[in-house]
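Here the structure comes first, spelled out in structure tokens, and everything after it is commentary.
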Amino acid sequence: MYLASAARLARQRAPALRRCIATTIASHPPPSASSSAAPIPLSNVEASWTKLSPEEKANVHQQLEEVQKKDWKELSTDQKKAAYYVAFGPHGPRTPSSAPGDTFKILLYTTALVGVAGTLFLTLRAYATPPPRTMSKEWEEATNERALEMKLNPISGISSEGYAGKGFVQTK
């Protein structure tokens with residue numbers, strides 16, 4: 001039963017699959033001999049790669065595929081360089097994300113931003129209100145004395161036996 005339904009489903013989908021393949025082939029025809037231009041010299045592909053059209057780049061790929069089918073010892077240095085550049089060169093997804101002079105600009109802008117932030121911090125600190133009077137050392141020591149009088153936290157805190165901490169004193 002299961003095999004019969006699977007076979008029926010495969011027959012139903014087969015025309016759609018054929019139609020999909022046919023439309024893909026029709027929308028992307030293979031390069032014909034009439035549209036291919038003269039072979040591009042492989043001697044200096046690095047310099048001319050960015051100026052080439054997509055069709056010319058495809059033509060260079062085809063040339064290199066044909067050349068690489070030979071023995072690698074028979075290839076010229078220019079052909080080896082071209083094959084390496086097309087496969088691993090700084091183009092397409094391997095294009096550098098920053099230009100050669102960007103490092104200095106990044107350092108300069110980062111330094112300027114840190115300087116502006118530091119200036120802003122010091123300016124705000126200079127014009128800020130003084131800390132509250134309860135943040136003075138005398139006030140914190142008085143709080144310690146009051147906590148001892150009230151026997152605050154007698155198990156593990158300031159009123160416990162053998163307590164060696166500073167209590168409420170935070171300032172130096």
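The values are calculated or read from the model by the stated rules, or taken from the named source; none is laboratory data. Just so we're clear, the structure is a prediction, and the values are computed from it rather than from any experiment. Counting neighbours? That spans all protein chains shown, and the Cβs are built from the backbone with ideal geometry, glycine included.
Filtered by the rule that a residue be over 9 Å from residue 82 (Cβ atoms) and assigned to a loop (DSSP other than H, G, I, E, B), the range 42-53 gives 52, 53.
Scanning the range 71-83 for residues that are exposed (fewer than 13 other Cβ atoms within 10 Å of the Cβ) and not in a loop (DSSP other than H, G, I, E, B) yields 72, 73, 74, 77.
Determine whether residue 140 is more than 48 Å from the chain's Cα centre (by Cα) and not in a loop (DSSP other than H, G, I, E, B). Spelling it out, residue 140 is indeed more than 48 Å from the chain's Cα centre (by Cα) and not in a loop (DSSP other than H, G, I, E, B). For residue 143, are the conditions met, namely being free of Cβ contacts under 8 Å to residues at least 24 places away in the same chain and either β-branched (Val, Ile, Thr) or more than 30 Å from residue 50 (Cα to Cα) (or both)? Spelling it out, it is not the case that residue 143 is free of Cβ contacts under 8 Å to residues at least 24 places away in the same chain and either β-branched (Val, Ile, Thr) or more than 30 Å from residue 50 (Cα to Cα) (or both).
Looking at the structure I just gave you, is residue 87 of a type outside the set (D, E, K, R), part of a loop (DSSP other than H, G, I, E, B) and closer than 30 Å to residue 42 by Cα? Answer is no for this residue.
Checking 143, 129 one by one, the residue that is touching a Phe, Trp or Tyr at 6+ places or on another chain (Cβ under 9 Å), of a type outside the set (Phe, Trp, Tyr) and not assigned by TED's automatic domain parsing to the domain that holds residue 44 is 143 and no other. Just one of the listed residues (87, 4, 33, 58) is hydrophobic (A, V, I, L, M, F, W, C), modelled with pLDDT of 85 or more and loosely packed, with under 12 Cβ neighbours inside 10 Å, namely 87. For residue 92, the requirement of being at positive phi, without any contact (Cβ under 8 Å) to a residue 60 or more places away in the chain and within 32 Å of the chain's Cα centre (by Cα) is met. The set of residues in the range 151-172 being among the hydrophobic types (A, V, I, L, M, F, W, C), without any contact (Cβ under 8 Å) to a residue 24 or more places away in the chain and surrounded by 11 or more Cβ atoms within 10 Å (Cβ to Cβ) consists of 152, 158.
Which is of a type in the set (S, T, N, Q), surrounded by 10 or more Cβ atoms within 10 Å (Cβ to Cβ) and more than 12 Å from residue 42 (Cα to Cα), of 63, 68?
One residue alone meets the criteria, 68.
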